[in-house]
Amino acid sequence: MEPIILSRISDQKPLVSVVSITYNHEPYIRDCLEGFLMQKTDFPFEVIIHDDASTDHTADIIREYYEKRPDLFHVIIERENQYSKGTEVSTPLIKMAQGKYIALCEGDDFWTDSLKLQKQFNFLEKKPDCSLCFHNVYIKTHDVKVYPLSFSSGYKTGKDVLKKWTIPTCSVLFRREVRDIFIPITEHEIRFYAGDIIVFLSAARIGHLYGLKDRMATYRRQPGGLTNKILGWKRRCEHYNALSEHFPEYRAQIQENVCSFLYLWLILSLLARNRVECKEILAELGKIKSVNAHAAGMFHCILRLPMKIIKTNRRRYKACMNVMNVKDVKQ
C-alpha cells in the first residue's frame, strides 16, 4: 500500500533539511515537533518526518502539526510497517533532503535550544574543513530522570567514534556531500543494525568531525530503544563484518570492538555453562588474527565486567581467563 504523503508547501528552498523517523512515539512526539518549531534561523529549513504505521496516535499528532505549519513539514505516513518487512526507511528520506546541510532527530528525542540549527549552520559555514558537527545533550531515562551528558569538545576522528559512543544522533548536522558516500553503502547492505555510525564514518572520509560544547538536545534512553536492545553476538558480528568491509581503514579498531564484546559474551556463556555457544564464540574469535586486537579486546572486556559477577564466580572466572589467555591466540 502506498503511504500518505503531505507535501511541504513553500516556494523557499531550504538550506537545512531535518530528517525524523517515528514509530509509536505518542508520549514523546510533541516534544520532538515543538523542538523543530522553536528553531530561530535566518535561513529556511524543512522537516521530513516519517511515521512507520504507528499503532497509537503518533500519526494524528504529526498531522495536527502539519496543518499548523505546512510550509515547514513534509510528512510520510506509512499504511504498512516497513521495518517489519525489512525495508530501510532512513536512506530514502535522506535522499529526499534538499538542504545544503542535513540534521537528524528521531521522534522520541527533542531539541532544547532554539538556536541549535543556527549555531551549527554558522559553524559549518565558517569551517569548510568540517563535514559534520555535533554537540552535548541531556539524557532522559524511561523513569524520567534527566542528567547531562558531556563529551570533550573539539575535533574527532572516525576511530574516536568507533572506540566509544561519542555522537548522539539527535545532535548532528552534516554536509549534503556526506550522503553521496553512505547512501551507496546503506541502499544495498542489510547487515547493519545501526545506520548512524555509517553516516559518521562517511563524514570522516571527507572532512573533520567537530564537537561543540553547547548542550542543545535531550536524548531519550528507553528500554525498548535500539541502543538498549541486547542484540545477539552473531548479529553484532554481521554488523562489524559489514563495517570492516566498507570501511577498511578502520579494520584494526573494528576488530578490537569485536574482540571486546565476544570475550564478554564468552565469559557470560561460561558462567551459564553454555558449551555450544562457547565453542561458536571461540571459533569466531579464531578468525581474528591480530594479537593486538585480542589483547585490547580482553582488556576492555575485563573493565566492563560487573564486579559482582567476578566476586561471586571466582572459580568460573579463573577458568574463563585461562581459556582466553592471549598466549593461546595464534598470530
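Derived scalar couplings between HN and Hα for the stretch 21-27 equal 10, 9, 7, 6, 9, 3, x Hz in order, rounded to whole Hz, by the Karplus curve 6.51 cos²θ - 1.76 cosθ + 1.60 (θ = phi - 60°), x for Gly and Pro.
Structural descriptor for the chain: relative contact order 16 percent, calculated from alpha carbon pairs under 8 angstrom and at least 6 residues apart. Within the shell defined by Cβ-Cβ distances under 12 Å, the residues around S150 carry a net charge of +1, with Lys and Arg each +1 and Asp and Glu each -1. In a DSSP loop and with at most 13 other Cβ atoms within 10 Å, the GluC sites (Glu not before Pro) in the stretch 68-142 are E80. Under a 5 Å amide H cut-off, with hydrogens placed 1.01 Å from N, I139 pairs with Y147, L149, Y219 among residues at least 5 apart or on other chains. Across the options S269, I29, G195, the greatest Cα extent toward the positive end of the charge dipole of the chain (unit charges at beta carbon of Lys, Arg, Asp, Glu) belongs to S269. Backbone amide hydrogens, once placed in the peptide plane, bring D214 within less than 5 Å of N136, excluding anything fewer than 5 places away on its chain. Once backbone amide H atoms are built at 1.01 Å from N, C130 has H208 as its partners under 5 Å, excluding neighbours fewer than 5 places away on the same chain. Top mean-square fluctuation among D56, D11, D113, Gaussian network model of the chain, C-alpha springs under 10 Å? Sorting by GNM fluctuation, first place goes to D11.
For the chain, the longest principal axis of the Cα atoms and the long axis of helix 116-126 meet at an angle of about 80 degrees.
Taking +1 at the Cβ of each Lys and Arg and -1 at the Cβ of each Asp and Glu, which of N122, V19, L282 sits farthest along the dipole of the chain towards its positive end, judged by Cα position relative to the Cα centre? Ranked along the dipole, the leading option is L282. Between their Cα atoms, which of K13/K126; K85/K119; K85/K213 are more than 32 Å away from each other? Over 32 Å apart, Cα to Cα: K85/K119; K85/K213.
Among the trypsin sites (Lys or Arg not before Pro) found in the stretch 113-188, those both in a DSSP coil and sparsely packed, with 14 or fewer other Cβ atoms within 10 Å of their Cβ, are K145, K164. Placing +1 on the Cβ of every Lys and Arg and -1 on the Cβ of every Asp and Glu, with nothing else charged, gives the stretch 116-202 a dipole about its Cα centre of roughly 320 debye. For the stretch 272-280, 3J(HN,Hα) computed residue by residue from phi via the Karplus equation (6.51, -1.76, 1.60; θ = phi - 60°) reads 8, 6, 8, 5, 4, 5, 4, 5, 5 Hz, glycine and proline entered as x. Taking 25 °C and 0.890 mPa s as conditions, the stretch 4-228 diffuses translationally at an estimated 139 µm²/s according to Stokes-Einstein applied to its Kirkwood radius (Cα pairs). Of A53, A97, A272, the residue with the greatest mean-square motion in the GNM of the chain, using alpha carbon springs below 10 Å, is A272.
With a Förster radius of 30 Å applied to the C-beta separation of N81 and M38, the computed FRET efficiency comes to 0.50. Relative protection proxy for 259-268, 29-38, from highest mean packing down: 259-268, 29-38 (other beta-carbon atoms within 10 angstrom). Considering only K234, K68, K85, the mean-square fluctuation computed in a Gaussian network model of the chain, springs between alpha carbons under 10 angstrom, is largest for K85.
Sorted by average packing, counted as other Cβ atoms within 10 angstrom per residue and highest first, what order do 248-255, 1-8, 14-21 take? All intermediate terms of the calculation are to be shown ahead of the outcome.
Numbers: 248-255: 17.0, 1-8: 12.0, 14-21: 22.8.
My ranking of the peptides, most packed first, is 14-21, 248-255, 1-8.
With θ taken as phi - 60° and the Karplus curve 6.51 cos²θ - 1.76 cosθ + 1.60 applied, the whole-hertz 3J(HN,Hα) list for the stretch 194-206 is 9, x, 5, 5, 5, 4, 5, 5, 5, 5, 5, 6, 10 Hz, x standing for glycine and proline. Extending 7 Å from Cα along the Cβ direction at R176 and again at M96 yields two label points whose distance is 1.7 nm.
Packing here is the average count of other Cβ atoms within 10 Å per residue, and on that basis the peptides 284-290, 273-279, highest first, run 284-290, 273-279.
Express in nm, to one decimal, how much length is gained between I206 and V146 on full extension, taking 0.36 nm for each residue of separation and deducting their alpha carbon distance.
18.1 nm
Please give the charge dipole size of the chain, origin at the Cα centre, charges +1 on K and R Cβ atoms and -1 on D and E Cβ atoms. Round to the nearest 20 debye. The calculation lands at about 2200 debye.
No lab work stands behind these numbers, since they all come straight from the coordinates. This structure is a prediction, so every number in the text was calculated from the model and none was measured. Using ideal geometry, Cβ is built from the backbone for each residue, glycine included, and neighbour counts are taken over all protein chains shown.
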